[in-house]
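The values are calculated or read from the model by the stated rules, or taken from the named source; none is laboratory data. Just so it is clear, the structure is predicted and the values come from calculations on it, not from any experiment. Cβ sites come from the backbone with ideal geometry, for glycine too, and all protein chains shown count toward neighbours. Ligands, DNA and RNA are excluded from the accessible area calculation, which covers all protein heavy atoms including side chains. Shrake-Rupley method; radii C 1.70, N 1.55, O 1.52, S 1.80 Å.
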Amino acid sequence: MKLSIERGALLKAVAQAQSVVERRNTIPILANVLIEAEGNTVQFRATDLDIEVVDRAPAMVERAGATTVSAMTLNEIVRKLPDGALVTLADDPQTGRLLITAGRSQFSLATLPREDFPVMATSDYAANFAVAAPVLRRLFDKSKFAISTEETRYYLNGVYMHVAESEGAKVLRCVATDGHRLARIDAPLPEGAAGMVGVIVPRKTVGEMRKLLDDDEAMIAVSVSETKIRFATPGVTLTSKVIDGTFPDYTRVIPQGNTRRLEVDAADFARAVDRVQTVSSERSRAVKLSLEEDRLILSVNAPDHGAAEEELAVAYADERLEIGFNAKYLLEIASQVDRENAVFLFNSSGDPTLMREGNDMSAVYVVMPMRV
Amino acid sequence: MPALCRDCLATFDGGARCPACRSPRVTAHPELFDLTIAHMDCDAFFASVEKRDNPALADKPVIIGGGQRGVVSTACYLARIKGVRSAMPMFQALRLCPEAVVVRPRFDAYVAASRAIRAMMDALTPRVEPLSLDEAFMDLAGTQRLHGAPPAVMLAGLVRRMQRELGLTGSIGLSHNKFLAKVASDLDKPRGFSVIGLAETEAFLRPRPVRLIWGIGPATQEGLDAAGIRTFDDLLRWDRHDLALRFGGMGERLWHLARGQDRRRVSPNSPVKGISNETTFHADTADADILDGHIWRMAEKVSSRAKATDKAGRVVALKLKRANHTLISRRHALHQPTQLADTIYRAARALFDQVRDPGPFRLLGVGLGEITGAGDADREGDLLDPDAGRRAQAERAADAIRARFGPDAIVKGRSLR
C-alpha cells in the first residue's frame, strides 16, 4: 500500500476514527485504525466493538492495500505536522512497518495484520430515511443532558429514538431521562421512518454522531434495525449497536394536570439561579422557588455555607407555592430555551414539574423537585 | 529509674514494690514520664460487661457470639485459656471449651459502657481517637501542666477509675507513636501497662514478627511471606526503594515502621467511614428467597443505625462469602445519600442480582459508605419510581411506631423468612 494525501484531509479522517477508540484497551488490535487504500480513496476504520466509524478521503493511491496502526499515534503525528503538508503513507512488507513521510519528517510505525481487525457485521436495516443535520442536531442536543450514567439502569444510558404521535401527527421523538429530569424532543417524521422500531442510542454514540452534524446543509442517511443504527454522510459512516433493553414507559411520567403556570425570561431566570446557587453546598445544590402573584423569589439556605436570595418579576397568577429543585437541573433545562419565554407548570411541591418553551410542545422537559 | 505504682499512683525511683502501699503492680521505665502517645484496650470487653451485669457468670468461661453457625465475637480470659479466640467459628470454640456459656451480644449495654469510658478519656485530653467500642488512642502531649502529673500517671488513673466506677478493666500501651502504643497495649494483657521507649524501639522490634503491624491485610501479608520477610530484622535489610517497588505505597510505610517510625497523628474526630452489618447463616444457603430476606434484614439494620446517628450514605455495598470462604463484594454509588432501608435494600438487591453466582453462601453483609449528614439524604424523588415516595413515608411511619412500642412492634413480612 502506498498513498499520498493532504495533511488537513488526513487529520479530519483520522481524528474522527481515533475518537471512537477506547483509551484503556486490553485488546491491542482495537487500539488500531484500519487503513484501506483503493482506486482514488483511502478509508480509515476504527471500532470499540460497539461503535464502528468509517471515514473516507480522496487520496493519490500508488499501490492499493491495507494495514493497521495505532490510531492514537497516527493522530498525534498528523496533528503535529505543518498545515498544507503532503503526507505519504507506505507499508514496508520487509519490516512490517508503516512509513509516514511529510517534508523532512519520517516516522515508522508498528503494524498489526489487517485480517485481525474486527469488522462489524452488517445488519438488516428495516427503516432507511434521510434527516437534515440541524434537525438531528436539535433532537439529540436538547435531550442528551438527561441521559443517565447509572449502570444499574443501563436502559437509561442513551437516548430513546422512536416514532410517536403528538397533537394528531406522527413525529420522530427522542427521549432521555435519569429519573430526576426528562427531556422529550419531537421533529416532523421523515419520509421512510414510519416503520422504524424504537431504539436506545448509547451515550457514546450520541457524542460521536454529533461530530457529523456540524454542516447545516448536510443530509444524514439514517438506517435502523432492531440491534443497530447507522448514520452516514458522504464522507463518514458511523454504525452503532443500540442498548439491548426496554425503555420505561415515559408517558406516565409527564404530568398532564399541572395547572400553576409560571412564565419567565429563561436567560434572566438562569442567571439568577446561577447567582444564588453559589452558596449552596456542593452535594445538594438545592434552590428554593417561592412563588406569589407575579413574583418569584429564588433562595438558597445552606447552614454550613451561607444564604442567598434574589427576586424576579414573572408572570404568575396562581396561589402561593414553595418548591425546591437541584440548581444544576434548573440551569440545564433553562439553557435549552432559546427563542421564547420559559413556561413552568407546577402541581405541588412534591410533584414533577413540566417546563417548555412558550407553548411549543415539540420540546418538553420534566424535572423532579427536591425537599428544601 | 522513674517508676509508678498502678494501685496508689505513687511515683518513685525504681524498686519492685511500691514504697507507699507495698503493691507489686509497679511500672518502671527510663522514659516513663516523657512519653505521651497511649493506646487503651479494654480486656475482653463484651465478656467483661456481661460478667459485670450477671455475677453468676463471673467464674464461668463466657463466649459472646450468636447461633451455632456464628463466630466468636469475644471470649473471656477463662475461655481463652482453653484456646478460644475471637473470630473462631462457634462449633470449634465449643469443642475446645464445652462448658462455656454462650451469650448473645447486647450492643446497647456495650455502647453505654463505651460511652462512659470515652467520657473518662475525654477528661484526660481532647485528642482521643476511638478505634472501636473498646479501644482508643490518646495523645497527652502538653497535658502535664494541666493535670499536675505526667501522662503515665493519668493513664494508670484512667484504668483504675474504669475498674472502680464501671467494673471494667483495660490495658495501656505507652510509647512515642501510635504504632508502638498499639503494640505495647497488647504485651501485658489483661490489666497491663507496657512502655516502649524511644531508645529501645529498634532493639525491641528486631526479633519480632512483622505480623505485629496493625492493618496489614492478607494480601500484604502474603507478599511479605513471599519476599521472605518474617521479622522486623528481615524488613530492616530491605532498601527503601526496593520496598516501594515491591509493595507500592505500603512499602514506604513498611520502611518507616521497621525503624519504629509512625508519624500519623491522633485525630479526635476521624469521621465515620461506613456503616455495615453482616450475618453468618446457620447453614450455607443458595435459596434466593432466604438470601433476599437476609438482604432486607441487613439493610434495615444499617438503616436504623444511620437513622440513630443522623447519618446517611451515598454508596451501598454488598458482601457475600461463598461456602469455600472466598469473598464477593460489590458497590453501587447512589444518585443522592440515603438512610432509607427501602433504598439500601433495592440497591443491595440489584447488586445481588448482578452477582451471577449460584452460591451457596455462608455470609451476607450490607454496608453504607461515603457517609454524610442526614440533612442531605433522600431529598429528590424518582420520576420512574413514583411509589418510592410512598414507601419512604411508610418507612418513616414504621420507624415512629418502633420508637414508641419497641423494635419488634412492626416488621416487614420478608424479614421473617
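Just a few scattered comments:
- Between A:Ala127, A:Ala110, A:Ala221, the residue with the greatest mean-square fluctuation in the GNM of chain A (Cα pairs under 10 Å linked by springs) is A:Ala110.
- Under the criterion of Cα pairs below 8 Å and six or more residues apart, the relative contact order for the stretch B:202-258 equals 35 percent.
- With the whole protein complex present, B:Trp214 retains an accessible surface near 100 Å², based on a 1.4 Å probe.
- Count of Lys pairs (Cα-Cα under 26 Å; at least 8 positions apart or interchain) in chain B: 26
- Taking the helices alone, chain B has a mean residue ellipticity at 222 nm of -10500 deg cm²/dmol, built from -39,500 (n - 2.57) per DSSP H run of at least 4 residues and averaged over all its residues.
- B:Cys21-A:Gln106 pseudo-label distance in nm [points 7 Å out on the Cα-to-Cβ vector]: 9.2
- Buried accessible surface for the A/B pair, both sides summed and rounded to the nearest 100, is 1800 Å² with a 1.4 Å probe.
- The stretch B:274-416: relative contact order in percent, alpha carbon pairs under 8 Å with at least 6 residues between: 33
- Using alpha-carbon coordinates, inclination of helix B:288-308 to the longest axis of chain B, degrees: 60
- Protein-only accessible surface order, largest first, of A:Ile35, A:Ile27 at 1.4 Å: A:Ile27, A:Ile35
- Within straight-line cross-link reach of A:Lys80, lysines at Cα separation under 17 Å, skipping those fewer than 8 residues along the same chain: A:Lys12
- Partners of A:Lys228 within straight-line reach, counting lysines whose Cα lies under 24 Å from its Cα and excluding those fewer than 8 residues away in the same chain: A:Lys142, A:Lys144, A:Lys170, A:Lys204, A:Lys211, A:Lys241.
- Drop in accessible area of at least 40 Å² in the complex versus isolated chain, residues of the stretch A:136-159, 1.4 Å probe: A:Thr152, A:Arg153
- Charge tally in the Cβ shell below 10 Å around B:Arg106, where Lys, Arg are +1 and Asp, Glu are -1, B:Arg106 excluded: -2
- Entry note, the stretch A:260-367: relative contact order of 29 percent, from Cα contacts under 8 Å with a spacing of 6+ residues.
- The largest accessible area among A:Leu172, A:Leu99 belongs to the first residue in A:Leu99, A:Leu172, and the rest follow in falling order (1.4 Å probe, all chains).
- Here's the list of aspartates and glutamates a cross-link from A:Lys2 could span, going by alpha-carbon distance under 14 Å and ignoring same-chain residues fewer than 8 apart: A:Glu36, A:Glu38, A:Glu62, A:Asp91, A:Asp92.
- Isolated Cys in chain B, by beta carbon distance under 4.7 Å: B:Cys42, B:Cys76, B:Cys97
- Centre-to-centre, using Cα atoms only, the stretch A:134-200 and the stretch A:5-58 are separated by 28 Å.
- In this simple spin-label approximation, B:Val355 and A:Asp124 carry label points 7 Å from Cα along the Cα→Cβ vector, and these lie 4.1 nm apart.
- Candidates A:Phe107, A:Phe247, A:Phe231, ranked by Gaussian network fluctuation over chain A, Cα under 10 Å, top entry: A:Phe107
- Ordered from largest to smallest accessible area (heavy atoms of protein chains, 1.4 Å probe), the residues A:Val236, A:Val119 come out as A:Val119, A:Val236.
- 0 to 90° range, to nearest 10: angle between helix B:107-122 axis and chain B longest Cα axis: 40
- Sites listed here are trypsin sites (Lys or Arg not before Pro) in the stretch B:178-263 whose DSSP assignment is loop and whose Cβ has at most 15 other Cβ atoms within 10 Å: B:Arg191, B:Arg230, B:Arg237, B:Arg259, B:Arg263.
- Its DSSP H runs of at least 4 residues, each contributing -39,500 (n - 2.57), put the calculated 222 nm mean residue ellipticity of chain A at -4500 deg cm²/dmol, to the nearest 500.
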